[in-house]
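Novice: Can you read through this structure? Questions will come right after.
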Amino acid sequence: MADPGKVEGAVYSIPLLLPGPSMSPRLLFLISLGLLMLAGQTSALTEGLYCGHQVCYDVLGVSREASKPEIARAYRQLARKYHPDKYRPGESRDEAHEKFLLVATAYETLKDDETRKDYDYMLDHPEEHYRHYYRYYSRQLTPKVDVRIVVLVTVCAISIFQFYSWWSSYNDAINYLVTVPKYRIQAAEIARQQGLLNRTKEKGKAKRSKEEIRQEEEEVIRDIIKNKIDIKGGYQKPQIYDILLFQIVLFPYYMFTYISWYIWWIYTFNIKGEEYGETEKLYLIRKNMKISQTQFDSLEDHRKKQFLEQQLWLKENYEAYKLEQEEEMKQKMALDPRWKRYRRWMKNEGPGRLTFADD
C-alpha cells in the first residue's frame, strides 16, 4: 500500500500539505497569513483608484522594475493597438475605447515618479486603505498650476486695473478743471506770459485753420492746468508706486521705516522730552481728527496754520475745538430755512403719514 504522504514514482519525497492532525500549528499559521496577504493584495486593487482591479504594470505588460523609456514604449504600442479610430472589424468600438482609457490611465500612473511611488506603496501595503484614498484624491484635486504663479498673475491683473482706474479718474478731473472759468482764465494768462498763445500770422501752405489753432490752445491750457494744479484725494495723479504690486514688494521697507520712526518718536519726545516741531504737530492734529494723510493734505494751507495757532495737537484743545464746531453747526442748521421746514414737517406730518401736499 502506498504511503499517503509520498507520490509514487518520484525520486524525492514531497510532503503533501493536506489539512489533518499531522499538520503543525506553525505551518497552519503561515498558510493562513499567506492567504490573508493574498486577500489584502486583491483588496488593495479598488475600483476608482488608479487602474481599478487590474495592476497597472500588467496592463502595460511591463515589470515593476521597468524604466520610463520601457513604460513609454509599451504605452505607445498599446495606444496604437487599442485606439478607437483604428479598431479592427469584429471588435466593439466601446470595448476598444475602454481598453484605450485603461492603458492611458496606467501610463499616467507610472510615468510620474511621485504617483508611481504612491502606487507601489499601495501594492506593498494593501491594508492602509484610508491612506491610499487620501494620497490618490489629494493628488488628483491638487491644482496642476503653481499657486504662487496664480497669486502673482492675480496681483498683476489687479494692479493694472487699479492703475488704469486711477488714471481715468485723473483725466476726468483735468477735463472738468479745463471747463472751470477761474482755472481756465489763469491758465490762459500764464500761457500768454510764456508766449504760448501768441498767434503769428501765417501765410501760404503753412497757414492753419481756426479749428487747428483752437485745438492747439486747448492743449496748451490743459498742459498748464496739469502742471500748476496739485490735485489731491481720489483724483490725484497716479503714481506707479501706489499700485498693489509695488505696495506688496515694498511692504518690508515700509514696515522697517515705520518701526524705526516709531522708536525715534518714543526716544525723542517721550524719553528725552524734546518739543514737537511743525511736522510733528501737524501729524498729531491729523491723528486727533482721525483723517487720512491724503485728506489732510487736501486741506488749504491757511486752515493748517489756523490749526497750529489753536494748538490742536493738544488733546484738550482739540476736544474744545470739536465741541465749538458742533455748536456752530447746530446754529447754522437752526437758522437754515430748509431745516426749519423739515422740523415743521416732522412735527406736523411725520414720516408715518401719507400726504399729497406740495410743501
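Novice: Given H placed 1.01 Å from N in the peptide plane, which residues other than close sequence neighbours of Leu49 have an amide H under 5 Å from its amide H?
Specialist: none
Novice: May I pose another question? Between beta-carbons, use under 12 Å as the cut-off and find the net charge around Trp313, counting Lys and Arg +1, Asp and Glu -1.
Specialist: 0
Novice: Put a dot 7 Å past each Cα toward the Cβ at Asp85 and Ala334; how far apart are the dots in nm?
Specialist: 9.0
Novice: Next question. Cut-off under 19 Å on the C-alpha distance; same-chain residues fewer than 8 positions from Lys272 excluded. Which aspartates and glutamates are left, in chain and number order?
Specialist: Reachable aspartates and glutamates: Glu280.
Novice: Moving to a separate point now. So, by mean Cβ neighbours within 10 angstrom, what's the order for 218-224, 288-294, 167-173 with the highest one leading?
Specialist: Most protected by this proxy first, the peptides run 218-224, 167-173, 288-294.
Novice: Then there is this: Could you give each residue of segment 119-132 its phi-based ³J(HN,Hα) in whole Hz, using Karplus coefficients 6.51, -1.76, 1.60 with θ = phi - 60°, and x for Gly or Pro?
Specialist: My calculation for segment 119-132 gives 5, 4, 5, 5, 5, 7, 10, x, 7, 8, 5, 5, 5, 5 Hz in order.
Novice: What aspartates and glutamates could a cross-link reach from Lys111, if we take a straight Cα to Cα line under 17 Å and drop same-chain neighbours fewer than 8 places away?
Specialist: Asp58, Glu65, Glu70, Asp120
Novice: Rounded to whole Hz and in sequence order, give me ³J(HN,Hα) for segment 303-315 from the Karplus expression 6.51 cos²θ - 1.76 cosθ + 1.60, θ = phi - 60°, writing x for Gly and Pro.
Specialist: These are the phi-based 3J(HN,Hα) values: 5, 5, 5, 5, 4, 5, 5, 7, 6, 7, 6, 7, 4 Hz.
Novice: Next question. May I ask which of Lys281/Lys305; Lys182/Lys332; Lys68/Lys99 have a Cα-Cα span longer than 19 Å here?
Specialist: Beyond 19 Å: Lys182/Lys332; Lys68/Lys99.
Novice: Under 15 Å from the Cβ of Glu274, count the other residues' Cβ atoms, weight Lys and Arg +1, Asp and Glu -1, and hand me the total.
Specialist: Net local charge, Glu274 excluded: -1.
Throughout, read-outs are computed from the coordinates displayed, never taken from laboratory work. Nothing here was measured: the structure is a model prediction, and the numbers come from that model. With ideal geometry, Cβ positions are generated from the backbone for all residues, glycine too; neighbour counts draw on all protein chains shown.
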